[in-house]
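The values are calculated or read from the model by the stated rules, or taken from the named source; none is laboratory data. No experiment lies behind these values; they were computed from the predicted model shown. As a convention, Cβ positions derive from the backbone with ideal geometry for all residues, glycine included, and neighbour counts pool all protein chains shown. All accessible areas refer to the heavy atoms of the entire protein, side chains included, with ligands and DNA or RNA removed. Shrake-Rupley method; radii C 1.70, N 1.55, O 1.52, S 1.80 Å.
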Amino acid sequence: QVGQVFLYFQWDSLLLEAGFLAILVAPLRLLRRGSPAWRPHDPVTFWGVRWLLFRLMFASGVVKLTSRCPTWWGLTALTYHYESQCIPTPGAWFAHQLPVWFQKLSVVATYVIEVAVPLLFFAPLRRLRLFAFYCQVLLQVLIILTGNYNFFNALTIVLAFSLLDEEHVGRWLGRPRKKHGTAWPPSLGSVLAALLELSTYGLLLYWTVHYFGLEVNWDKKLLDSKVAFTYHEFTTWLRTVTLPLVGVAFLSLSWEILVAMYRCACVRGCFWKLWATLQWAIMATATVGLFAVSLVPFTYIDHESNGKLWPGIHQMFGAVERFQVVNSYGLFRRMTGVGGRPEVILEGSYDGHSWTEIEFMYKPGNVSAAPAVVAPHQPRLDWQLWFAALGPHQGSPWFSALVLRLLQGQPDVIRLVQTDESRYPFHGRPPTFLRAQLYKYWFTSTSEGSPGAAPWWRRQRVQEFFPAVSLGDPTLESLLSQHGLKDKPPLRRRGDAALPRLLGALRRLARPFSGPAVLCSLYLVAASAGLLRALARRGPPPARHKGGPRERNGLRGEPGGRPEGRHGAKR
């Protein structure tokens, strides 16, 4: 709320919702310090994470088609996406060079992973859920390699862990596999499970081929694809499945609640059984409440289904909406930059005649500079400049304030442009004049040379984005007054307040380093602390003896001593 447009992305809302769920999922050990991390109600709260993942992925796939974007419907979105996204990576240049038929096939795979595969999140078979997990991880890893989307992809992978179980994670940690029965002939249940799994894969493949017109072109040695359904057919299908999906999710949640209740009844000890039941009741109530409230933003994908919800659910959502504990999602709804990537280039001058470009740390500018790798950091100013280029500067009121601060030479704002002041062309003294030009950028092709030997980008000037202004210029003053951005007296604070002093010290400590370096260092510190904690908990390996405590205490017999009786080993 404070950061406004700079901190109002969908992944910021996702982080808020995931953070609230973490309060319910994180272990709560109030009475037993040495109790195991697992609790009977854990599957219930973890189900809430799975439901969040489902809403995120399913809605992100659906909105691409409900937006009627011609590039998504024509399966050509990825031919523009890699060069037109906010901050591409070097991998995006190579992905952009892939043939068109492969780009279209990649869009088909995106639809399958985001629309069809999430339906398997609630499948009764663990192998189907594992298949869904690896599909989601594959998509997120490919996005990480080709785009800088801060913590979003890592957070989505963390949410996808709700599809795993202890046995599968144990294999990653080197634990021995559980021995399953290998009796022949197999039981009826295992046969039915195998048939259901194979049928699911077969239907998924058949529907993909049928609805996306997959056909091998032997002459051109490629795989053709096209959308083989209409917008009306898709919206009809969406209207048909939205509320039934809510019903399936409710049945899945109800099953987890009942199983957790049974596990609470199996806890030993009357007091601990009551304590586990109390925790179960609280967590189950909270999860059911979150599920009910989340139905309102989830059904935004189909307004008719949204109107059929019980009015009480709408009232509950209205009461908690301002806290953003549940949100609506729908990433990459429309593809921008179809005619070329728009980019705002700031220029400064001392005399108003010779102009020098101001290079930002992360966004494209210099055509010979390689795209940056900044994840998990999100340079908010660079991102907002991408949005500003999509329209006139009047649609981005903060841009006038940016120009003012650069003309004033404010150090905090200059560090948003370049942390290394020597790379800022006006680090000696602020520019007298500033202006902005609008360019169109395109990735170079392999025919123009390999990256490094040739530029990564080619560009063309389109028009002036912001007129040349100086301090006290009537145009600049008018824009600042119009948007209420005129300088105001600073708020009065106590000079000895602890929090401002602490934040100031942290800011000075991190000032010489870039955002990605600071965040990666924090991640590494957290990972190292977790690793050391895990190693500290590992005790010495237990002694391997075949007998009981009597043997371990040396009572079975000592060298040269009298052995036990002939029944001692059995005892």
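The order of Arg461, Arg423 by accessible area, most exposed first and with a 1.4 Å probe, is Arg423, Arg461. Against the chain, whose longest principal axis is taken from its Cα atoms, helix 498-510 shows a tilt of about 80°. What you get for the chain, charging only the Cβ of Lys and Arg (+1) and of Asp and Glu (-1), is a dipole of about 3160 debye around the Cα centre. Among Phe229, Leu138, Phe161, whose Cα lies farthest out toward the positive end of the dipole of the range 83-230, if unit charges sit on the beta carbon of Lys, Arg (+1) and Asp, Glu (-1)? Result: Phe161, furthest along the dipole toward the positive end. If R0 is 60 Å, the Cβ-Cβ spacing of Tyr134 and Arg501 corresponds to a FRET efficiency of close to 0.80. Applying a DSSP loop filter and a limit of 15 other Cβ atoms within 10 Å to the chymotrypsin sites (Phe, Trp or Tyr not before Pro) in the range 322-394 leaves Tyr350.
Taking 0.36 nm per residue of separation and subtracting the current Cα-Cα distance, fully stretching the chain between Lys440 and Thr230 would add 72.3 nm.
Along the axis of the charge dipole computed for the chain (Cβ charges of +1 for Lys and Arg, -1 for Asp and Glu, origin at the Cα centre), the listed residues Ala517, Ile345, Ala436 are led at the positive end by Ala517. Using 0.36 nm per residue and subtracting the Cα-Cα separation, the extra length available between Trp275 and Arg177 on full extension is 32.0 nm. Over the chain, dividing the summed -39,500 (n - 2.57) contributions of all DSSP H runs of at least 4 residues by the number of residues returns a 222 nm mean residue ellipticity of -16000 deg cm²/dmol. Just so you know, the Cα atoms of the chain work out to an Rg and Dmax of 29.6, 107 Å. When the chymotrypsin sites (Phe, Trp or Tyr not before Pro) in the range 37-91 are filtered for DSSP coil states and for at most 11 other beta-carbon atoms within 10 Å of their beta-carbon, the remaining sites are Trp38. Relative to one another, the C-alpha centroids of the range 436-508 and the range 276-295 are positioned 45 Å apart.
Taking the centroid of alpha carbons for each part, the range 345-362 and the range 92-155 are 40 Å apart. Per residue, the accessible area of the chain comes to 57 Å², computed with a 1.4 Å probe over protein heavy atoms only.
Over all other residues within a Cβ to Cβ distance under 12 Å of His393, the charged ones net out to 0, with Lys and Arg as +1 and Asp and Glu as -1.
Length gained on full extension, Glu304 to Val216: 27.8 nm, using 0.36 nm per residue less the C-alpha separation. Can you work out the FRET efficiency for the pair Arg127 and Thr285, with r the C-beta to C-beta distance and R0 = 30 Å, to the nearest 0.05? Plugging the Cβ-Cβ distance into 1/(1 + (r/R0)^6) gives 0.40. Largest accessible area first, the residues Arg268, Arg508, Arg492 order themselves as Arg492, Arg268, Arg508 under a 1.4 Å probe with ligands, DNA and RNA left out. For the range 247-397, the relative contact order is 13 percent, taking Cα pairs closer than 8 Å that sit 6 or more residues apart in sequence and dividing their mean separation by the residue count. If you fit an axis through the alpha-carbon atoms of helix 515-537 and take the longest principal axis of the Cα set of the chain, what angle between them do you get, 0 to 90°, nearest 10? Value to nearest ten degrees: 10.
Between Asn366 and Ser481, the FRET efficiency from the beta-carbon distance, with R0 = 22 Å, is close to 0.05. Dividing the convex hull volume of the alpha carbon atoms of the range 376-487 by its residue count gives 147 Å³ per residue. Listed values for the range 190-196 are Karplus-derived 3J(HN,Hα) couplings in whole Hz (6.51 cos²θ - 1.76 cosθ + 1.60, θ = phi - 60°), namely 5, 5, 5, 5, 5, 5, 5, and x replaces Gly and Pro. Nonpolar atom fraction for the chain, defined as the carbon and sulfur part of the 1.4 Å probe accessible area, stands at 63 percent. Tilt of helix 100-111 relative to the longest C-alpha principal axis of the chain, in degrees (0 to 90, nearest 10)? Once rounded, the angle reads 50 degrees.
Accessible surface ranking for His210, His232, 1.4 angstrom probe, highest first: His232, His210.
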